[in-house]
Amino acid sequence: PNLLTVGDVQVVADGELKQESGEGWQYDGASNTLTLEGAAITGHKENANGICGLYCDGDLNILLVGENSVDNAAASTEGSASGVFATGQLYISGEGSLTVRSGDAAGDSVGIYALTNLIVAESYAQSARILSEDTALKRPLLGDIYKIYQQRCKNSNTMDFDDLLLNTNILLRD
């Protein structure tokens, strides 16, 4: 990414790595992965997209280990406030959890915001660009894993938050 901040720490600036790790987090530039391991992120940075607890100008992979939180609730702004904001694709994986709180904003106040399109499993599997990117980043099985995840959700009659939004949109549109 061109810019990555974790709390009030500038991790990447102008595409250059500034800091690799902090309390409960570590960034690997080679895989573009931010690992959160028991992280409790409370600081924030202000940028063109508002006040963000965790901000990435570009794509980002977040790997969750243990219980993690991004708490931007203390932020107050006339603009927008986000707990997590990515201008590119945001991939969140791992066995851990992530609790996100956003600040008080006159504009939008969101927990997690990814600026790119929502990609469902069928579209993902048909996108040559995404598949080649995943192969280059050494994550070629991501599409297969996502299909299995969706099937397990369907078998147990559950939906994650993305599915709730997507299925509501489909229901109202059709």
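The values are calculated or read from the model by the stated rules, or taken from the named source; none is laboratory data. Small disclaimer: the values here were computed from a predicted structure and weren't measured. Surface accessibility is based on the protein's heavy atoms, side chains included, excluding ligands, DNA and RNA. Shrake-Rupley method; radii C 1.70, N 1.55, O 1.52, S 1.80 Å.
Some observations on this one:
- Computed on the Cα atoms alone, the convex hull of region 1-95 gives a volume of 79 cubic angstrom per residue.
- Accessible surface of the chain [probe 1.4 Å, protein heavy atoms]: carbon and sulfur percent: 50 percent
- Cα principal axis extents for region 1-54, largest first, Å: 26, 25, 14
- Gaussian network model of the chain, springs between alpha carbon atoms under 10 Å - residue of GLU67, GLU16, GLU95 with greatest fluctuation: GLU95
- Each principal axis of the chain carries a Cα extent, and these read 40, 37, 28 Å when sorted largest first.
- Only Cα pairs under 8 Å and 6+ residues apart enter the sum, and on that basis the relative contact order of the chain stands at 15 percent.
- Accessible area (Å², per residue) of the chain, counting only protein heavy atoms and a probe of 1.4 Å: 59 Å²
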